[in-house]
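Heads up, the thing below is written out as structure tokens.
The values are calculated or read from the model by the stated rules, or taken from the named source; none is laboratory data. Everything numeric in this text was worked out from a predicted model, so none of it was measured. Cβ placement follows ideal geometry from the backbone for every residue including glycine, while neighbour counts extend to all protein chains displayed. SASA here: full protein model, heavy atoms, side chains in, ligands and nucleic acids out. Shrake-Rupley method; radii C 1.70, N 1.55, O 1.52, S 1.80 Å.
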Amino acid sequence: PDGSVLICPSRPDGVEFFKRPQAWGFIRLSEAPRSVALYVSAPVSSIGYLAEVDRYADQGNAPPDLRDAYGGDQWPKGKMVALFKPGHVWELTEPIPLGDQRHLAPRGPRACRLSDLRRAATVGALIA
């Protein structure tokens, strides 16, 4: 089913954290997207991962191991972590490249529809 997706930028070293502990943060939310897509910056420069969100947690209701992984007392006020459904983190078989419009590389979270993400030929076209 179609739903909202939050595209989150990351350096290449953030991919392992996305896959294990199957979470992403810190996110300030006005709504709760059903999925999170990971845009990996240069030299990768593409959206290569998608995860289905199980729930969102703040510092008070995050699992202890996740609080530790995110720096314990360093948790920014008002920010959340997306906890993914177990086994619902996918590497895209066809990553969505940034394209020629390099200035459109995500620098912060951006929302889109899952149907738009599926149809996108480039990240630039998706968020332009």
Among the numbered conditions (1) in contact with a Leu (Cβ under 7 Å, 6 or more places away or on another chain); (2) part of a loop (DSSP other than H, G, I, E, B); (3) farther than 23 Å from residue 123 by Cβ, tell me where residue 2 comes up short. (3)
Flagged pairs (Cβ under 7 angstrom, 6 or more apart or on separate chains; first in the stretch 88-116, farther than 16 Å from residue 6 by Cβ; second exposed (fewer than 13 other Cβ atoms within 10 Å of the Cβ)) are 101/128; 104/128
First in the stretch 13-26 and closer than 13 Å to residue 88 by Cα, second anywhere and basic (Lys, Arg) and surrounded by fewer than 16 Cβ atoms within 10 Å (Cβ to Cβ), Cβ under 9 Å, 6 or more apart: 22/85
When the residues of the stretch 73-128 are narrowed to those that are acidic (Asp, Glu) and at pLDDT below 90, which ends up surrounded by the fewest Cβ atoms within 10 Å (Cβ to Cβ)? 73
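Within the stretch 26-68, how many residues turn out to be assigned to a strand (DSSP E or B), at pLDDT below 80 and open to solvent by less than 20 Å² (accessible area, probe 1.4 Å)? Steps first, please.
Step one: list which residues in the stretch 26-68 are assigned to a strand (DSSP E or B), which gives 26-27, 35-40, 46-57.
Those left that are additionally at pLDDT below 80: 26-27.
Remaining after also requiring open to solvent by less than 20 Å² (accessible area, probe 1.4 Å): 27.
Matching residues across the stretch 26-68 total 1.
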The correct count of residues that are small (Gly, Ala, Ser) and either on the phi > 0 side of the Ramachandran plot or touching a Lys or Arg at 6+ places or on another chain (Cβ under 9 Å) (or both) in the stretch 71-124 is 7
